[in-house]
Amino acid sequence: MDKLTLKAMAKINLGLDVVRRREDGYHEVRMIMQTVNLYDRLTFEKKKEDVLQMETNMKRLPTDQNNLVIRAAALLKEEFGIREGLAVRLEKRIPVAAGMAGGSTDAAAVFVAMNRMFALGLDEKELEARAVKIGADVPYCIRGGTALSEGIGEKLTTLPPAPSCHVIVAKPFIHVSTKWVYQNLHLENVKEHPDIDGMVESIRKGELSGVVKRLSNVLETVTVPRNPVIARIKEILMKNGALGALMSGSGPTVFALFDDRKQAELALERLRGTKLAAQSYLTTFTDHTCVG
Ligand code: ATP
């Protein structure tokens with residue numbers, strides 16, 4: 001196989017709790033991860049020469065070792081002594097630095113693609129063991145679907161698919177650094193933690209109402225006060241029929257859940273009218289990731 005195109009899906013967090021800060025500075029989390037049908041497209045092409053190169057439509061993204069695509073490819077190339085080269089074209093649609101694991105899902109697609117193209121024979125567990133070296137969320141991005149993620153994000157429990165619904169994803173015109181958010185999270189001041197176990201129960205029972213009731217992200221306590229536009233977008237979506245709305249990851253992307261497609265379309269139109277969102281999409285949950 002000399003050429004392959006994959007869709008690398010974005011994720012949202014239906015729940016995000018930070019349990020504690022470890023001595024080494026990492027945070028232990030408990031997150032409910034959900035893949036959404038919003039994706040980057042990656043095209044992989046084998047090269048005869050021993051090169052590793054990429055190009056992308058998103059001008060401000062690095063295309064060298066600072067891109068997770070190159071880091072993931074270099075890792076497998078070195079371990080397996082692959083002598084042929086690889087060229088990657090990345091069409092970016094997932095909001096960047098937005099709490100949607102865009103970089104992680106691109107890296108996941110590289111692992112899946114190279115495993116197939118170079119016949120490495122790695123099963124999912126073996127791929128995930130390598131993926132975590134690139135980033136804590138990369139193993140989840142390989143697996144996709146609905147999952148409970150614990151530890152620093154690498155301990156994964158696959159859950160049944162979350163109850164289906166319509167999802168608006170909206171990213172305001174601001175950038176938020178994940179590092180800054182974690183540095184400014186003071187766990188001792190957090191009064192209420194998300195009910196992650198309750199969320200898992202609701203998903204297992206297939207109860208959308210239980211999921212909606214428990215939408216909660218502890219990182220909102222840091223990001224939202226500094227960026228009121230996030231609260232504003234949530235408010236607009238709630239006023240326009242959303243069952244619930246929440247910031248994803250460390251933000252600033254907001255997502256909102258709807259049980260009615262027409263209502264969601266109307267809410268999206270209203271939101272676009274306010275010009276508060278730089279990017280906005282109407283999508284759904286999906287179980288698939290890194291698919292052709
Ligand atoms: P997470 O939800 O895991 O915190 P994120 O959505 O906040 O991820 P990304 O979009 O993954 O953040 O990107 C964060 C930074 O990583 C960007 O500023 C960018 O410079 C760098 N980066 C490296 N590779 C990629 C990539 N393939 N796509 C997007 N960003 C990348």
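The values are calculated or read from the model by the stated rules, or taken from the named source; none is laboratory data. Predicted model, so just to flag it, every value in this text is computed and none were measured. Methodologically, a virtual Cβ is constructed for each residue, glycine included, from the backbone with ideal geometry; neighbour enumeration extends over all protein chains shown. The area values use the complete protein model at the heavy-atom level, side chains included, leaving out ligands, DNA and RNA. Shrake-Rupley method; radii C 1.70, N 1.55, O 1.52, S 1.80 Å.
Taking the chain as the reference, fit the longest principal axis to its C-alpha atoms, fit the long axis of helix 229-239 to the helix C-alpha atoms, and give the angle between the two in degrees, 0 to 90, nearest 10.
Value to nearest ten degrees: 60.
Provide Arg93, Arg60 ordered by accessible surface of protein heavy atoms (probe 1.4 Å), highest first.
Details: Arg93 95, Arg60 150 Å².
Sorted descending by solvent-accessible area, the residues read Arg60, Arg93.
What is the gain in length, in nm to one decimal, between Asn189 and Arg60 on full extension, counting 0.36 nm per residue of separation less the C-alpha to C-alpha distance?
Difference between extended and current length: 42.8 nm.
Rank Leu243, Leu215, Leu257 by accessible area, highest first, at a 1.4 Å probe radius?
So the residues, ranked largest to smallest area, are Leu243, Leu215, Leu257.
Looking at the stretch 142-221, which chymotrypsin sites (Phe, Trp or Tyr not before Pro) are in a loop (DSSP not H, G, I, E or B) and have at most 16 other Cβ atoms within 10 Å?
Answer in residue order: Phe173.
Semi-axes of the chain's equivalent ellipsoid from the Cα gyration tensor, sqrt of 5 times each eigenvalue, largest first, rounded to whole Å? Write out the running numbers ahead of the final one.
Numbers: eigenvalues 201, 87, 68 Å².
Sorted largest first and rounded, they come to 32, 21, 18 Å.
Going by the alpha-carbon gyration tensor, a ≥ b ≥ c the square roots of its eigenvalues, is the stretch 89-238 rounded (a/c under 1.5) or, if a/c is not under 1.5, prolate (a/b greater than b/c) versus oblate?
prolate
Can you list, bin by bin at 5 Å, the percent of alpha carbon pairs in the stretch 234-278, starting at 0?
Pair shares across the bins are 5, 24, 33, 26, 11, 2.
Would you mind computing, in nm to one decimal, how far apart the modelled labels at Ala231 and Arg270 are, each placed 7 Å from Cα along Cα→Cβ?
With each label point 7 Å from Cα toward Cβ, the separation is 1.9 nm.
What does the extension gain come out to for Gln263 and Glu79, with contour length at 0.36 nm per residue minus their alpha carbon separation?
61.2 nm is the gain from fully extending Gln263 to Glu79.
Given the pairs Lys48/Lys77; Lys92/Lys125; Lys7/Lys77; Lys77/Lys179; Lys46/Lys171, which are separated by over 25 angstrom at their Cα positions?
Over 25 Å apart, Cα to Cα: Lys92/Lys125; Lys77/Lys179; Lys46/Lys171.
Taking all protein chains as present, what is the carbon and sulfur share of the accessible area of the chain, in % to the nearest whole number, probe 1.4 Å?
Using a 1.4 Å probe with all protein chains present, the chain comes out at 47 percent carbon and sulfur.
Keeping all protein chains in position, work out how much accessible area Arg270 exposes to a 1.4 Å probe, and write it in Å² to the nearest 10.
130
Accessible area per residue, 1.4 Å probe, Å², for the chain: what's the number? Intermediate results must be reported in sequence, preceding the final value.
Values: 13220 Å² over 292 residues.
Using a 1.4 Å probe on heavy atoms only, each residue of the chain averages 45 Å².
Compute the Cα gyration tensor for the stretch 1-92, then decide on rounded, prolate or oblate, letting a ≥ b ≥ c be the square roots of its eigenvalues: rounded whenever a/c is under 1.5, prolate when a/b is larger than b/c in the other cases, and oblate in all that remain.
Working: a/c = 2.43, a/b = 1.67, b/c = 1.46.
Taking the square roots of the gyration eigenvalues as a ≥ b ≥ c, the stretch 1-92 is prolate.
For the Cα atoms of the chain, what angle does the longest principal axis make with the long axis of helix 102-117, in degrees from 0 to 90, nearest 10?
For 102-117 against the chain, the angle is about 30 degrees.
How much accessible area does Met1 have with a 1.4 Å probe, in Å² rounded to the nearest 10?
Number for this one is 110 Å².
So what is the orientation-averaged projected area of the stretch 151-256, using the convex hull of its C-alpha atoms, in nm²?
Taking the Cα atoms of the stretch 151-256, their convex hull projects to 7.4 nm² on average.
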